[in-house]
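The values are calculated or read from the model by the stated rules, or taken from the named source; none is laboratory data. Only a predicted model underlies this, so the values are computations on that prediction, with no experimental measurement involved. Here the Cβ positions follow ideal geometry from the backbone for every residue, glycine too, while neighbour counts run over all protein chains shown.
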Amino acid sequence: MLLREHLKEYTKKQLLEQARLFELNKYSGLRKDALIDRIMECFCTKEMLRSRLACLTKEQMTLFRKACDTPQEISINQIMDSMQLSRYWIGFFEELTDRFCVFEEVAKIFSKIDDEAFRKKQEKKGWMMKCVQFFINYYGIAPVEIIYELYKLRVKDTIDEMIDMLLGMPIDIVESCILPMEALGLQDWPKDEPIYSSKGLFIHIPMFEDGELEYLLDQQMDKEFYIPSVQQIDEICSMGYEASTLAYKKLETFFRRKMDMPYEHAVSWCLQVWANSYEGESPVDVINIMSGLGIEFKSEKQMDEFVGLLMDAHNNTRMKEHRGYKPIELAGREFAGGLSTVVPGSSHAAMLLRDA
């Protein structure tokens, strides 16, 4: 399929927004077909696709290379990567088979830029994107120095080299920017505060909407930033959650053995639980979603077992309001305002969940 044909499915409003992100000039008055022509002229160049394809993670690049040759069946563990490739305008899903395919224009240009220099750059930027993804999900705002702590786990560049690379990456892919403390009115914050930075603050741009940034900072208070391992970043970016933790292994097993779900459905529900919790939502929401879909428990005993596993999973989920820490990792610690991070006891929580 041609990318040009795919863009015809977009509304003009969506195309105008993409033209803005590509920083095109004099495009607002164009008709839809002419606007698509302008976008294609910008997007389908070696320079543009080199900058974008270099941002693919290792797993995304592997999938992309295979899909350049032949349509790919997507496993449950590849869903997130394939969706990102689709969002980047690199490929699409076939209507009847749901196989992932690469747009013809993109595959053709990639064959001309796929050299050793590109691969070296992609190795660094691909890891940078995993760090950015962790940052978006579990920090929202952080000192550039913290981002460097993640980046140097695998790449040994200097912090200034990392900053230069970040500033050169497509804004619609990174979705974040670097601002000095002064720009946010935080110049008077004590230097020993976790949020303080001499290099600038890395901020997920959507945080500026509807007072979300102020709300998040109030939630995070003076908590330290959790620094994950390479393996944790890889797993979260690939699966969407820490599937290898004991709490989520038990939850997956429950879905498969007690709820008779196939593996793919069990993993999807584990991801639902993680996603619900990492933004600080209540486990009750998961019960409500299941009820809305007509999923019923076989007995009260099975319901009690699920509630216990759900609470355990919730307490073992990394959360943005805790700067990447799990509630269970912060148990007993006190922060500004005397607020404890300990999640409510399982007996009381179980009563609430059962009555949901």
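Rundown of residues vs (1) within 20 Å of G200 (Cβ to Cβ); (2) at pLDDT 95 or above; (3) out of contact with any strand residue (DSSP E or B) (no Cβ under 8 Å at 6 or more places or on another chain), yes/no style:
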site: G126; (1), (2), (3): no, yes, yes
site: A142; (1), (2), (3): yes, yes, no
site: I147; (1), (2), (3): yes, yes, no
site: L150; (1), (2), (3): yes, yes, yes
site: D157; (1), (2), (3): yes, yes, yes
Restricting to region 210-221, give me the number of residues that are more than 12 Å from A142 (Cα to Cα) and either assigned by TED's automatic domain parsing to the domain that holds G280 or at pLDDT 90 or above (or both). 6
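Residue-by-condition table, conditions (1) closer than 28 Å to S277 by Cα; (2) surrounded by 15 or more Cβ atoms within 10 Å (Cβ to Cβ); (3) in contact (Cβ under 8 Å) with a residue 40 or more places away in the chain; (4) polar (S, T, N, Q):
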| site | (1), (2), (3), (4) |
| --- | --- |
| V144 | yes, yes, yes, no |
| E149 | yes, yes, yes, no |
| E161 | no, no, no, no |
| M169 | no, yes, yes, no |
| D192 | no, no, no, no |
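For region 170-188, what are the residues that are at pLDDT below 90 and assigned to a loop (DSSP other than H, G, I, E, B)? Steps first, please.
Of region 170-188, the ones at pLDDT below 90 are 184-188.
Once the filter is applied, which keeps residues that are at pLDDT below 90 and assigned to a loop (DSSP other than H, G, I, E, B), region 170-188 yields G185, L186, Q187, D188.
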Among the residues of region 51-70, what is the count of those that are of a type in the set (K, R) and more than 20 Å from C131 (Cα to Cα)? 2
Hey, does region 92-99 have a residue that's within 30 Å of L153 (Cα to Cα) and of a type in the set (A, V, I, L, M)? no
Out of region 68-93, which residues are free of Cβ contacts under 8 Å to residues at least 40 places away in the same chain, within 24 Å of M48 (Cα to Cα) and either assigned to a helix (DSSP H, G or I) or touching a Ser or Thr at 6+ places or on another chain (Cβ under 6 Å) (or both)? D69, S82, M83, Q84, L85, S86, R87
Can we say G337 is surrounded by 13 or more Cβ atoms within 10 Å (Cβ to Cβ), modelled with pLDDT under 90 and at positive phi? no
The lone condition S291 fails out of (1) surrounded by fewer than 16 Cβ atoms within 10 Å (Cβ to Cβ); (2) in contact with a helix residue (DSSP H, G or I) (Cβ under 8 Å, 6 or more places away or on another chain); (3) in a helix (DSSP H, G or I); (4) at pLDDT 85 or above is (2)
In region 220-251, anything charged (D, E, K, R) and within 21 Å of E145 (Cα to Cα) is listed as D222, K223, E224, D234
Given the structure, is R20 assigned to a helix (DSSP H, G or I), touching an Asp or Glu at 6+ places or on another chain (Cβ under 9 Å) and surrounded by fewer than 17 Cβ atoms within 10 Å (Cβ to Cβ)? no
Given the options S176, S197, name the one that is touching a residue at least 24 places away in the same chain (Cβ under 8 Å) and in contact with a His (Cβ under 9 Å, 6 or more places away or on another chain). S176
